[in-house]
1. Test ALA100 against the criterion of being in contact with a Gly (Cβ under 7 Å, 6 or more places away or on another chain), among the aliphatic types (A, V, I, L, M), within 16 Å of ARG47 (Cα to Cα) and surrounded by 11 or more Cβ atoms within 10 Å (Cβ to Cβ), and give yes or no.
2. Do any residues in region 82-95 that are within 22 Å of ASP51 (Cβ to Cβ) and among the small types (Gly, Ala, Ser) have Cβ atoms under 7 Å from those of residues that are in a strand (DSSP E or B) and open to solvent by less than 50 Å² (accessible area, probe 1.4 Å), where the two are at least six apart or on different chains, and which pairs are they?
3. Being of a type outside the set (A, V, I, L, M) and modelled with pLDDT under 95 narrows it down to one of ARG106, ARG47, ARG87, ARG120, so name that one.
4. So which of VAL35, VAL10, VAL56 is of a type in the set (A, V, I, L, M, F, W, C), open to solvent by 40 Å² or more (accessible area, probe 1.4 Å) and touching a strand residue (DSSP E or B) at 6+ places or on another chain (Cβ under 6 Å)?
5. Might you let me know whether region 44-52 holds any residue that is assigned to a strand (DSSP E or B), within 17 Å of ALA100 (Cα to Cα) and either without any contact (Cβ under 8 Å) to a residue 40 or more places away in the chain or not β-branched (Val, Ile, Thr) (or both)?
6. Do you know which of the residues in region 59-81 that are over 20 Å from ALA121 (Cβ atoms) and of a type in the set (A, V, I, L, M, F, W, C) is surrounded by the most Cβ atoms within 10 Å (Cβ to Cβ)?
7. For region 21-32, which positions are surrounded by 10 or more Cβ atoms within 10 Å (Cβ to Cβ) and either β-branched (Val, Ile, Thr) or at pLDDT below 80 (or both)?
Amino acid sequence: MKKLIMLVLVALVAWYGWKRLPSLLEKRPSHEAVVQNSTGTGLTRIRLQVDGQTFVKEELADGASAVFPFRVGKDASFQLTWQWADRVGENSWGGGMVPAGPMVQRHTMIIDADGGVIYRAAAK
């Protein structure tokens, strides 16, 4: 009886895998978030949140960029949080628009010396 149950389970798993294989191997396009540091100093503890996902970069030197590929299940916006390497306090910015549709974009967030964020989205 145990062998029969195991055989049935293996058959079900194999059938499910066979049916789901094309979707598992399908390479879907993804959005790309780029955080650029144009502050004149280093940044630390950069956290980018979008559609329930959190991306982290511990340090980002002046003039450097961090790139995060991601996908969304619904229309979403960004929440960006960071700290200065040489100043006290945490800064944050929220905004942007990420469509869930078939169009994928590169979303660039440039952090300037005043703590402002310049956001732009372009087709990828």
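1. Criteria not met by ALA100.
2. What qualifies is SER92/LEU80; SER92/THR81; GLY94/PHE78; GLY95/PHE78.
3. ARG87
4. VAL56
5. Within region 44-52 (the criterion being assigned to a strand (DSSP E or B), within 17 Å of ALA100 (Cα to Cα) and either without any contact (Cβ under 8 Å) to a residue 40 or more places away in the chain or not β-branched (Val, Ile, Thr) (or both)), the answer is yes, since at least one residue qualifies.
6. Filtering region 59-81 for residues that are over 20 Å from ALA121 (Cβ atoms) and of a type in the set (A, V, I, L, M, F, W, C), the one surrounded by the most Cβ atoms within 10 Å (Cβ to Cβ) comes out as LEU60.
7. Answer for region 21-32, where residues must be surrounded by 10 or more Cβ atoms within 10 Å (Cβ to Cβ) and either β-branched (Val, Ile, Thr) or at pLDDT below 80 (or both): LEU21, PRO29.
The values are calculated or read from the model by the stated rules, or taken from the named source; none is laboratory data. Note that the structure is a prediction, hence the values are computed from the model and not measured. Reconstructed Cβ throughout: ideal geometry from the backbone, glycine too, with neighbour counts over all protein chains shown. Heavy atoms of the whole protein, side chains included, go into the accessibility calculation; ligands, DNA and RNA do not. Shrake-Rupley method; radii C 1.70, N 1.55, O 1.52, S 1.80 Å.
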